[in-house]
Amino acid sequence: QMAQPVAIAAQGNPMGGAGAMGAMAASGMPPMMGAMQPQSMQAPTAAAGPAEWVAYEKGPLKVRFAASKEGGNPAVTNVAITFTNSAPSPLTDFVFQAAVPKFMKMQMQPASGSVVPAGNSGAVTQLLKLANSAHGQKPIAMRIKVEYALQGNKLSETGEVASFPDGY
């Protein structure tokens, strides 16, 4: 079953400076989303298999999420993130950061590299593990920040992953 795309809202810089991301993740963020809207058309087993979708896309950068449930624990979601670059030049000094509300815990593995190859000729990958203590009551939500340099120009983008597919 195909997952629905996640809404991303590009924003100014609601996370403050580069150091604010870690502080927000450590101290917990205020809830970003209201109550989950009931979905009468979806069966509750929609998350039985892995779900993949484009979570963020701006300029040459595309961020794909592939989420799967950890066996035996429906509150834990593993996310494999793939970053690709359609520009003719590589994205250098690449860094991905994420923050979650305080009802969630997040473990992030280091990225596979800091250079996203040009022309969609390769990818950088990163793994996340999310534990939602309010699983079934509150959806997964996260703020993201990506920083990179393109031909010497430093760029910083922020956004929100507003919702994961039903059941996650």
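The values are calculated or read from the model by the stated rules, or taken from the named source; none is laboratory data. None of the values given here were measured: they were computed from a predicted structure. Because the Cβ atoms are built from the backbone with ideal geometry, glycine has one as well, and the counts that use them run over all protein chains shown. Remember, those area values only see protein heavy atoms, side chains included, never the ligands or the DNA or RNA. Shrake-Rupley method; radii C 1.70, N 1.55, O 1.52, S 1.80 Å.
Summary of computed values
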{"item": "Placed amide H near Met142: partners under 5 Å, 5+ positions off or other chain", "result": "Val161"}
{"item": "Simple label model, 7 Å out from Cα along Cβ direction - Ala149 to Lys105, nm", "result": "3.7 nm"}
{"item": "Three-way shape call for the stretch 100-168 based on the alpha-carbon gyration tensor, with the a/c threshold at 1.5", "result": "prolate"}
{"item": "Computed label-point distance, nm, for sites Asn120 and Ala162 using a 7 Å Cα→Cβ extension", "result": "2.5 nm"}
{"item": "Environment charge at Ala141 (Cβ cut-off 12 Å; Lys +1, Arg +1, Asp -1, Glu -1)", "result": "+2"}
{"item": "Ranking by accessible area, most exposed first, for Val95, Val116 with a 1.4 Å probe", "result": "Val95, Val116"}
{"item": "Spatially proximal lysines relative to Lys102 (Cα-Cα < 28 Å; intrachain offsets below 8 disregarded)", "result": "Lys58, Lys62, Lys69, Lys129, Lys138, Lys145"}
{"item": "Label-point gap, in nm, between Lys129 and Asn73 - each point 7 angstrom along Cα→Cβ", "result": "0.6 nm"}
